[in-house]
Amino acid sequence: MISSRIFISIFVLILILEPGFRETELQAFHGIMQPAFGARQAGMGGAFQAVGGSVLDLESNPSHLARVKKTKWELGSAIHLPTIEYNDEYIDPNPNRSYQNSTREHPRAILPYIGIIKPVTENISIGFALYAQGGGGGQFKNIKRQTPDGRTLNETFGINIPFIGESTKAVEDLNFRFMTMKSTFGAGYKKGNFAIGAGIDLVYGFMELKRTYQDETRSLTIPGGIRYQSDSAYTMGGKIGVSYELTENIRVAYSYTTRNFLPMDGTMKVDGYAPERSFGTRVSRYMIWPDKHVAGISYRTDKFIIDFDIKYIPWSESFNTSKFRLEDVWMRTPIGVETNTFQFNLNWKNQTILAVGFEYKWNERFMSRMGYSYGNNIIPASGVSPMLGASIEHHLAMGGSISWNDTSFHIACEYGFPKKTYGGKTSDWTLSHAVFSNKEIHPFQFSYNKQMSIFSIYIGMEQNI
């Protein structure tokens, strides 16, 4: 059985990671899912479905566990360094109401993983892994804006404010974070050339959203901002995988991972005049992390492995809308009516991802890898926003390993090429900055775009015991 020392290490890691994840910012990859899990997989561009031999087969295809003949533990981390550019412009006949923004952010995300595989019999192995699944977010400050309803500060607060009272200018701060993490216990069984495996996932998620307005001097908080913090969300899921060796050199594989329903109830504070609103109200909502189909084929010799994968993720079934339902009627709509419900219209499309990876063994000590993946952009113009914007399409990766005795050290670098998306005139983001009342609706005066690229470093170490 797996030693108690390993379980204690995993438990301690969970306690350490949870507050750390809440401080990190995560960005789009293929949708909001990482293109690769683990340093060896990353070096091959995420093409690993029909390869196997890693603890993170528990994420992709647990049938490969049965082919591991020695106890293996593995740990590592992905370090993501995205570059986010956001630009917008509002043109008004009154030049005092016009504004333009251009900002560039360089956040970072550190996503560790750890796991172990242990053979039980000649044909059965079990394993456990803890890893980040994916996420998204963004942080922008000092974005020039009109006040949410287009009124002057004097009109908003009902008093005469010296110097700035007749201004309609404001600054907007935006902070969004979403994260999912999984722990998977799985087992694999092998009979002849055929292997089958299954895993049970315990899924953890959280979300935080802050959108606030202040006057240009930052002396006054303008009504209309929101501050949402979800409770810690837990749910269960699972996966099943199969693989078959057609010949001594060719292997095919397929896996299916279930969708996860995350209860994201939480608390929301709404900036306004009423003192009781500063204490917040409860929010009822849920989020669906999508299911995933992956098929792959690999060809291997003593010197090299090449793998080709096709992944399908039905984002449209999970990321069409995101609705918040408050216990109190506190949310103000752009036309001035208050309600207890609001939603983001995301309108994401389904995604097909193609990945190819190559691994070459120079000798018993050194290996090198390279890979490429492509996933179609899933976010239409009507769903673009600074919070959860561009889905990067092209990723190029390379990496390698150095081994000694029963220990291997893996490293990989991956680059997601810049992808720019333009917001539509009917998007929620446009309407929230172009509708000031039922008589002032100017979507054609507001335009915006967002561009993202990402550089990632993966490091990992594994040991056979």
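Observations, loosely collected:
- Unmet requirement for residue 99, which otherwise passes all of (1) within 25 Å of the chain's Cα centre (by Cα); (2) within 30 Å of residue 384 (Cα to Cα); (3) open to solvent by 10 Å² or more (accessible area, probe 1.4 Å): (1)
- For residue 357: the one exception among (1) within 29 Å of residue 430 (Cβ to Cβ); (2) outside any loop (DSSP other than H, G, I, E, B); (3) out of contact with any Ser or Thr (no Cβ under 7 Å at 6 or more places or on another chain): (1)
- Qualifying residue in segment 374-388 (condition: part of a strand (DSSP E or B), at negative phi, in contact with an Asp or Glu (Cβ under 9 Å, 6 or more places away or on another chain) and touching a residue at least 12 places away in the same chain (Cβ under 8 Å)): yes
- Note on segment 338-367: residues that are of a type in the set (A, V, I, L, M) and either in contact with a Pro (Cβ under 7 Å, 6 or more places away or on another chain) or closer than 30 Å to residue 404 by Cβ (or both) total 3.
- For segment 403-461, filtering for residues that are under 29 Å from residue 107 (Cβ atoms), in a strand (DSSP E or B) and either out of contact with any strand residue (DSSP E or B) (no Cβ under 9 Å at 6 or more places or on another chain) or of a type in the set (A, V, I, L, M, F, W, C) (or both) leaves 12.
- In the set (1) small (Gly, Ala, Ser); (2) in contact with a Gly (Cβ under 7 Å, 6 or more places away or on another chain); (3) within 23 Å of residue 105 (Cβ to Cβ); (4) buried (at least 22 other Cβ atoms within 10 Å of the Cβ), the condition left unmet by residue 397 is number (3).
- Residue 315 meets the stated requirement of being within 24 Å of residue 32 (Cβ to Cβ), touching a residue at least 24 places away in the same chain (Cβ under 8 Å) and buried (at least 16 other Cβ atoms within 10 Å of the Cβ).
- Within segment 158-186, the set of residues being out of contact with any strand residue (DSSP E or B) (no Cβ under 9 Å at 6 or more places or on another chain) and among the charged types (D, E, K, R) comprises 166 only.
- Restricting segment 258-273 to residues that are part of a strand (DSSP E or B) and touching a Gly at 6+ places or on another chain (Cβ under 7 Å) leaves a set whose member that is most open to solvent (accessible area, probe 1.4 Å) is 269.
- When segment 170-191 is filtered for residues that are touching a helix residue (DSSP H, G or I) at 6+ places or on another chain (Cβ under 6 Å), within 30 Å of residue 124 (Cβ to Cβ) and buried (at least 19 other Cβ atoms within 10 Å of the Cβ), the ones remaining, listed by number, are 184, 186, 188, 190.
- Test: residue in segment 69-78 that is loosely packed, with under 14 Cβ neighbours inside 10 Å, touching a residue at least 24 places away in the same chain (Cβ under 8 Å) and charged (D, E, K, R): yes
- Residues of segment 278-293 satisfying the condition of being over 30 Å from residue 59 (Cβ atoms) and open to solvent by 40 Å² or more (accessible area, probe 1.4 Å): 278, 279, 282, 284
- Of all residues in segment 416-423, at least one satisfies being open to solvent by 70 Å² or more (accessible area, probe 1.4 Å), out of contact with any helix residue (DSSP H, G or I) (no Cβ under 6 Å at 6 or more places or on another chain), in contact (Cβ under 8 Å) with a residue 24 or more places away in the chain and among the charged types (D, E, K, R).
The values are calculated or read from the model by the stated rules, or taken from the named source; none is laboratory data. Just so we're clear, the structure is a prediction, and the values are computed from it rather than from any experiment. Cβ atoms come from the backbone with ideal geometry, glycine included; neighbour counts cover every protein chain shown. Calculation scope for accessible area: heavy atoms of the full protein, side chains included, ligands and nucleic acids excluded. Shrake-Rupley method; radii C 1.70, N 1.55, O 1.52, S 1.80 Å.
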